[in-house]
Amino acid sequence: VQLQASGGGLVQPGGSLRLSCLVPGSIRGIKIRSWYRQAPGKQRELVASITAGGMVNYAEFVEGRFTISRDIAKNTVYLQMNALRPEDTAVYYCSVANHLSQYWGLGTLVTVSS
């Protein structure tokens, strides 16, 4: 079972990107949907998460620039990223978790550079 993340690319500093993640319908009882990122040479870190009840949580480095959302009917979770910085360059992974396991996608590369 694999999630499909998309929407990454090359963007200039200050620009925006919207990441999408299609979650297989076979994953039931999702309790939390999340975005992580991993920059070269660094550990994977949580960017944002949203619970089944709609509570959101953001990493401190987000500083109000990103918004996580989900469309349950479309089995999709989004990450709107604004005011991107070079230090946001990373592979972004979506993840969902239920009572059985945590599931991951392959990741989508975001490069912020002029």
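Of the heavy-atom accessible surface of the stretch 66-114 (probe 1.4 angstrom), what whole percent is carbon and sulfur?
53 percent
Could you give the Stokes-Einstein D for the stretch 68-114 in µm² per second, using the C-alpha Kirkwood radius, 25 °C, 0.890 mPa s? Working shown, then result.
Working: Rh = 12.5 Å.
Diffusion coefficient, whole number: 196 µm²/s.
Using +1 at the C-beta of Lys and Arg and -1 at the C-beta of Asp and Glu, which of 41, 95, 83 has the Cα lying farthest in the positive direction of the dipole of the chain?
Positive-end residue among those listed: 95.
Just want the answer: with Cβ charges of +1 for Lys and Arg and -1 for Asp and Glu, which residue in 109, 8, 50 is farthest toward the dipole's positive end in the chain?
Of 109, 8, 50, it is 50.
Below 14 angstrom from the Cβ of residue 17, what's the summed charge of the other residues (Lys, Arg +1; Asp, Glu -1)?
+3
How about the stretch 24-96: which GluC sites (Glu not before Pro) there lie in a loop by DSSP and see at most 16 other Cβ atoms within 10 Å?
Of the GluC sites (Glu not before Pro), the ones in loops of the stretch 24-96 whose Cβ has at most 16 other Cβ atoms within 10 Å are 63.
On a full-extension model of 0.36 nm per residue, what is the gain between residue 10 and residue 87, subtracting their alpha-carbon distance, rounded to one decimal in nm?
Working: separation 77, 0.36 × 77 = 27.72 nm, distance 1.31 nm.
Fully extending the segment from residue 10 to residue 87 adds 26.4 nm.
Around residue 77, what is the net charge, scoring Lys/Arg as +1 and Asp/Glu as -1 over all other residues with Cβ under 12 Å from its Cβ?
Once all neighbours under 12 Å are counted, the net charge is +3.
Assigning unit charges at the beta carbon (Lys, Arg +1; Asp, Glu -1) and nothing else, what dipole magnitude in debye, to the nearest 20, does the chain show about its Cα centre?
Values: 11 positive and 6 negative charges, 60 e Å.
Dipole size: approximately 280 debye.
Distance in nm between label sites at residue 28 and residue 101, each 7 Å beyond Cα in the beta-carbon direction?
1.6 nm
Please arrange 58, 103, 92 by accessible surface area, largest first, computed with a 1.4 Å probe and ligands excluded.
These residues rank, largest area first, as 58, 103, 92.
Under a Cβ-Cβ cut-off of 15 Å, what is the net charge of the residues other than residue 106 that fall near it, where Lys and Arg count +1 and Asp and Glu count -1? Numbers along the way, then the final one.
Values: positive: 37, 44; negative: none.
Surrounding charge for residue 106 is +2.
With springs only between Cα atoms under 10 Å apart, run a GNM on the chain and tell me which of 29, 41, 64 wobbles the most.
The residue that fluctuates most here is 41.
The values are calculated or read from the model by the stated rules, or taken from the named source; none is laboratory data. Computed from a predicted model, the values in this text were never measured in an experiment. Every residue, glycine as well, gets a Cβ built from its backbone with ideal geometry; the counts of neighbours run over all protein chains shown. Ligands, DNA and RNA are excluded from the accessible area calculation, which covers all protein heavy atoms including side chains. Shrake-Rupley method; radii C 1.70, N 1.55, O 1.52, S 1.80 Å.
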